[in-house]
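Colleague: Following this message is one structure expressed as structure tokens.
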Amino acid sequence: MAIFKAAAVCLLLAACTAQSAWAGNCATVPAERYVEYPWMSVERWHQMYSDQAARAAKGDVDVMFVGDSLTEMWPKDLWDKHFGPLKAANFGIGGDHTGNVLWRLQDPAIAALRPKLVVLMIGVNNINLCNEGADEVFSGIEAVVAKLRQQYPQARILLNAVLPESAPDSEERRRIIALNLKVRTLGNGKNIFYRDYGLVFLGEGGVLSRELQPDLLHFSEKGYQLLAQAIRPDIEALLK
């Protein structure tokens with residue numbers, strides 16, 4: 001999962017180390033995970049990737065959710081209720097940046113899928129774990145979208161904005177705002193549909209609720225409930 005803002009100092013130090021390790025290799029270069037995190041080992045990452053490849057090999061996927069921890073961590077009951085009937089499969093792995101997603105999409109079983117819709121939510125770890133700026137992250141998201149279009153030409157793409165995190169005046173929030181101004185230009189209303197569900201989570205003055213995002217990044221179950229209510233109508237519309 002993406003790094004928790006409220007984690008102990010050791011986690012923050014680990015993130016700094018990770019940023020150095022990822023430097024120059026996050027946005028557009030396909031790369032498997034090679035950084036050990038306190039919350040996820042490289043071995044665990046490869047196991048999750050293998051499990052997802054095995055799921056892909058079974059086929060029968062109409063909706064692909066692709067992303068990082070915000071995708072991976074959907075509570076099972078909410079997932080089954082809102083997306084299970086839509087033949088959805090979860091291809092999210094915590095801590096992934098755009099380069100990791102590009103690498104995973106190369107898997108033969110994943111590449112062989114024929115989804116009707118891809119729900120893409122990626123980019124926050126390029127900021128938090130790679131310390132990339134808006135231009136760099138945008139190039140990565142653009143590369144992932146291009147890969148999806150090339151690999152699944154019949155599919156529509158629900159391209160999510162990078163959702164807000166941290167305090168309104170934080171550097172992370174400033175980068176996300178600048179980034180989303182660029183990401184929205186990728187939507188064409190034909191096969192790429194940009195949506196920003198961030199307003200669902202912003203309170204007065206742009207403040208995030210710890211009831212919905214306890215670490216000001218990841219969602220609580222209530223946060224996921226709100227996200228499901230916001231995103232499902234768009235998914236159903238794009239499947240028609």
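Colleague: Can you confirm whether Lys182 is surrounded by fewer than 16 Cβ atoms within 10 Å (Cβ to Cβ), within 27 Å of Ala88 (Cα to Cα) and modelled with pLDDT of 95 or more?
Modeller: Answer is no for this residue.
Colleague: Just to be sure before I move on: is Phe138 of a type in the set (Phe, Trp, Tyr), within 26 Å of Lys190 (Cβ to Cβ) and crowded, with 22+ Cβ neighbours inside 10 Å in the structure I sent? Spell out the reasoning first.
Modeller: Working: of a type in the set (Phe, Trp, Tyr): yes; within 26 Å of Lys190 (Cβ to Cβ): yes; crowded, with 22+ Cβ neighbours inside 10 Å: yes.
Spelling it out, Phe138 is indeed of a type in the set (Phe, Trp, Tyr), within 26 Å of Lys190 (Cβ to Cβ) and crowded, with 22+ Cβ neighbours inside 10 Å.
Colleague: Being out of contact with any Cys (no Cβ under 7 Å at 6 or more places or on another chain), buried (at least 17 other Cβ atoms within 10 Å of the Cβ), farther than 16 Å from Met64 by Cα and not charged (D, E, K, R) narrows it down to one of Asn125, Asn160, so name that one.
Modeller: Asn125
Colleague: For segment 148-157, which positions are crowded, with 18+ Cβ neighbours inside 10 Å and either hydrophobic (A, V, I, L, M, F, W, C) or part of a helix (DSSP H, G or I) (or both)?
Modeller: Leu148, Ala155, Ile157, listed by residue number.
Colleague: Residue pairs, Cβ under 8 Å, 6 or more apart or interchain, first in segment 202-230 and surrounded by 17 or more Cβ atoms within 10 Å (Cβ to Cβ) and at pLDDT 95 or above, second assigned to a loop (DSSP other than H, G, I, E, B) and basic (Lys, Arg). List them.
Modeller: Matching pairs, first to second residue: Asp215/Lys5; Leu216/Lys5; Leu216/Arg210; Leu217/Lys5.
Colleague: Oh, and also: Which ones in segment 190-229 are under 20 Å from Trp74 (Cβ atoms), assigned to a loop (DSSP other than H, G, I, E, B) and not aliphatic (A, V, I, L, M)?
Modeller: Asp196, Tyr197, Phe201, Ser209, Arg210, Glu211, Gln213, Pro214, Asp215, His218, Phe219, Ser220 - these are the residues of segment 190-229 that are under 20 Å from Trp74 (Cβ atoms), assigned to a loop (DSSP other than H, G, I, E, B) and not aliphatic (A, V, I, L, M).
Colleague: Identify all residues within segment 68-101 that are touching a Lys or Arg at 6+ places or on another chain (Cβ under 7 Å) and either hydroxyl-bearing (Ser, Thr, Tyr) or assigned to a helix (DSSP H, G or I) (or both); write none if there are none.
Modeller: The answer is His82, Asn100.
Colleague: Among the residues of segment 76-89, is there at least one that is more than 17 Å from Trp39 (Cβ to Cβ) and either among the β-branched types (Val, Ile, Thr) or in contact with a His (Cβ under 7 Å, 6 or more places away or on another chain) (or both)?
Modeller: No, segment 76-89 contains no residue that is more than 17 Å from Trp39 (Cβ to Cβ) and either among the β-branched types (Val, Ile, Thr) or in contact with a His (Cβ under 7 Å, 6 or more places away or on another chain) (or both).
Colleague: Sort out which residues of segment 45-98 are acidic (Asp, Glu) and out of contact with any strand residue (DSSP E or B) (no Cβ under 8 Å at 6 or more places or on another chain), and write them in order of number. Explain how you work it out, then say what you get.
Modeller: Filtering segment 45-98 for residues acidic (Asp, Glu) gives 51, 60, 62, 68, 72, 77, 80, 96.
If the condition is that a residue be acidic (Asp, Glu) and out of contact with any strand residue (DSSP E or B) (no Cβ under 8 Å at 6 or more places or on another chain), then Asp51, Asp60, Asp77, Asp80 are the ones that fit.
Colleague: Search segment 52-67 for residues that are farther than 11 Å from Arg114 by Cα and pair each with any residue that is outside any strand (DSSP E or B) and aromatic (Phe, Trp, Tyr) when their beta-carbon atoms are under 8 Å apart and the residues are at least 6 apart or on different chains.
Modeller: Phe65/Trp74; Phe65/Phe83
Colleague: Quick check, is Arg104 modelled with pLDDT of 95 or more and part of a loop (DSSP other than H, G, I, E, B)? Quick ask: steps written out before the conclusion?
Modeller: Details: modelled with pLDDT of 95 or more: yes; part of a loop (DSSP other than H, G, I, E, B): no.
In short, no.
Colleague: Please give the number of the condition Gly133 fails out of (1) surrounded by fewer than 19 Cβ atoms within 10 Å (Cβ to Cβ); (2) of a type in the set (Gly, Ala, Ser); (3) in contact with a Pro (Cβ under 8 Å, 6 or more places away or on another chain).
Modeller: Every condition holds for Gly133 apart from (3).
Colleague: Can we say Leu208 is under 26 Å from Leu238 (Cβ atoms) and not β-branched (Val, Ile, Thr)? First the steps, then the outcome.
Modeller: Working: under 26 Å from Leu238 (Cβ atoms): no; not β-branched (Val, Ile, Thr): yes.
No; evaluated as a whole, the condition is false for this residue.
Colleague: Oh, and also: Go through segment 1-54 and count every residue that is at pLDDT 50 or above, surrounded by 14 or more Cβ atoms within 10 Å (Cβ to Cβ), more than 23 Å from Phe138 (Cα to Cα) and hydrophobic (A, V, I, L, M, F, W, C).
Modeller: Selection size over segment 1-54: 5.
The values are calculated or read from the model by the stated rules, or taken from the named source; none is laboratory data. Note that the structure is a prediction, hence the values are computed from the model and not measured. Glycine gets a Cβ as well: all are built from the backbone with ideal geometry, and neighbour counts include every protein chain shown.
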